[in-house]
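Please read the structure below before turning to the comments.
The values are calculated or read from the model by the stated rules, or taken from the named source; none is laboratory data. Here the structure is a predicted model, which is why all the values come from computation and not from measurement. Backbone-built Cβ (ideal geometry, glycine too); neighbour counts: all protein chains shown.
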Amino acid sequence: MQPRLVLTLALSCLLTACPGDGTGLDENGNPLGPPGPDEGVTLSSDVQPIFTASCAFTDCHAGNNPVLGQNLSAGQAYGSIVNVNSQEVPALKRVLPLFPDSSYLVHKIQGTQGSVGGLGGRMPLGGAALTDEEIATIRAWITAGAPNN
């Protein structure tokens, strides 16, 4: 398939797959879920609160000596993860903008790190796994290009 046709089809799918009427609720009044890239998902308002609540602790991914040098605290997360090589799988970036399935952070929070040659357990280690909605929010931010917003 030609690249231009693939891009056209992908954009067409994105433009026609947006449910709801702009209220944030579906036809039954249920929340639509995490914001998609076109709905303005941001690092500061959507992703950072997930990191802060689940990952950015002093003996984990915050403080003066964050695990594997990955600091997920506010003001530090972007520079620590976006386009930064993973220490566990150096061939992968922690976050590769536009490509959540090629981002090691996504594999770690989904528990699929073994499928890409990764190590250790699912993150957050010792805590409750992130919800599907939280993972979808992080994936949407990455899909939107992982902007520093």
Problem set entry | Among the residues listed as Gly118, Gly69, Gly75, Gly145, the single one being touching an Asp or Glu at 6+ places or on another chain (Cβ under 6 Å) and either surrounded by fewer than 18 Cβ atoms within 10 Å (Cβ to Cβ) or among the small types (Gly, Ala, Ser) (or both) | Gly118
Exercise. With (1) crowded, with 20+ Cβ neighbours inside 10 Å; (2) at pLDDT below 95 as the list, and Ser12 as the residue in question, which single condition is left unmet?
Worked result: (1)
Seminar exercise, completed: Taking the stretch 121-140 and the residues there that are surrounded by 15 or more Cβ atoms within 10 Å (Cβ to Cβ) and among the hydrophobic types (A, V, I, L, M, F, W, C), the one that is nearest to the chain's Cα centre (by Cα) would be Ile138
Exercise. Within the stretch 85-99, is there a residue that is surrounded by fewer than 16 Cβ atoms within 10 Å (Cβ to Cβ), over 21 Å from Gly120 (Cα atoms), aliphatic (A, V, I, L, M) and at pLDDT 95 or above?
Worked result: yes
Seminar exercise, completed: All conditions in (1) modelled with pLDDT of 95 or more; (2) at positive phi; (3) more than 13 Å from the chain's Cα centre (by Cα) are true of Gly118 except (2)
For this session: Could you please find all residues in the stretch 47-62 being part of a helix (DSSP H, G or I) and farther than 17 Å from Leu98 by Cα?
Result: Gln48, Pro49, Ile50, Phe51, Thr52, Ala53, Ser54
For this session: Grab the helices (runs of 4 or more DSSP H) fully contained in the stretch 63-149, keeping just those with 3 or more residues being free of Cβ contacts under 8 Å to residues at least 60 places away in the same chain and aliphatic (A, V, I, L, M).
Result: 104-110
